[in-house]
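This report refers to the structure that appears directly beneath it.
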Amino acid sequence: MKKIDITRIDFPDEQFDVVICTHIMEHIPDDRLAMREVRRVLRKGGKAIFDVSIGAKLTATFEDPSKTTEEERSEAFGQYDHIRIYAEGDYMERLKSVGFAVDPAGPHETAEDIRKYGLNAREKIFIVSK
């Protein structure tokens with residue numbers, strides 16, 4: 001296990017076949033930079049699995065950089081250390097904008113899949129490829 005800055009991943013290009021990034025992007029000020037870094041360290045044909053907080057009723061990602069205190073962020077984003085709540089379509093567009101092919105389905109097909117993989121049935125996993 002190694003702690004890294006996802007906006008400056010200290011591994012060479014095309015180092016990994018798979019990157020798993022669960023509930024990280026909603027904490028990162030420059031999420032597109034982080035997405036580009038994940039793409040950079042993926043080998044050609046590699047896959048990344050992204051899981052983020054999605055606002056089911058949102059049509060656009062909600063961000064407000066004026067919310068800086070824990071109290072303001074808790075009220076605005078539902079958690080003191082979040083800086084945004086993604087809208088699904090916008091999130092997929094952000095992933096595509098850095099060069100990923102996006103599959104929003106993931107292994108959510110059946111109740112058995114959800115149980116087998118220990119998933120939250122209310123969350124969608126985004127599987128992207130380079």
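The values are calculated or read from the model by the stated rules, or taken from the named source; none is laboratory data. For clarity, every value in this text was computed on a predicted model and none was experimentally measured. Don't worry about glycine lacking a Cβ; one is built from the backbone with ideal geometry, like all the others, and counts go over all protein chains shown. The accessibility values were calculated without ligands, DNA or RNA, using every heavy atom of the protein model including side chains. Shrake-Rupley method; radii C 1.70, N 1.55, O 1.52, S 1.80 Å.
Out of A111, A101, one residue alone is touching a Ser or Thr at 6+ places or on another chain (Cβ under 6 Å) and open to solvent by 40 Å² or more (accessible area, probe 1.4 Å). It is A101. When the test is whether a residue is out of contact with any Leu (no Cβ under 9 Å at 6 or more places or on another chain), touching a residue at least 24 places away in the same chain (Cβ under 8 Å) and crowded, with 18+ Cβ neighbours inside 10 Å, L58 does not pass it. Figure legend. Inter-residue proximity from the range 1-25: first residues within 22 Å of M92 (Cβ to Cβ) and touching a residue at least 40 places away in the same chain (Cβ under 8 Å), second residues among the aliphatic types (A, V, I, L, M) and open to solvent by less than 70 Å² (accessible area, probe 1.4 Å), beta-carbon distance below 9 Å, spacing 6+ or different chains. Indicated pairs: M25/I6; M25/A34; M25/M35; M25/V52.
Selection of first residues in the range 63-78 that are touching a residue at least 24 places away in the same chain (Cβ under 8 Å) and of second residues that are surrounded by 11 or more Cβ atoms within 10 Å (Cβ to Cβ) and assigned to a helix (DSSP H, G or I), restricted to Cβ pairs under 9 Å at least 6 apart or on distinct chains, gives the following pairs, ordered by first then second residue: F77/E26. Taking the listed residues R94, R36, R32, R43, the one that is over 16 Å from F126 (Cα atoms) and at pLDDT 95 or above is R43, with no other qualifying.
Here A76 meets each of (1) crowded, with 17+ Cβ neighbours inside 10 Å; (2) touching a strand residue (DSSP E or B) at 6+ places or on another chain (Cβ under 6 Å) with one exception, condition (2).
Among residues that are of a type outside the set (S, T, Y), assigned to a strand (DSSP E or B) and surrounded by fewer than 18 Cβ atoms within 10 Å (Cβ to Cβ), I85 is not included.
Take the range 15-55 and flag every residue that is surrounded by 15 or more Cβ atoms within 10 Å (Cβ to Cβ) and either assigned to a loop (DSSP other than H, G, I, E, B) or among the acidic types (D, E) (or both). Scanning the range 15-55 gives I24, E26, I28, D31, E37, D51, V52, S53, G55.
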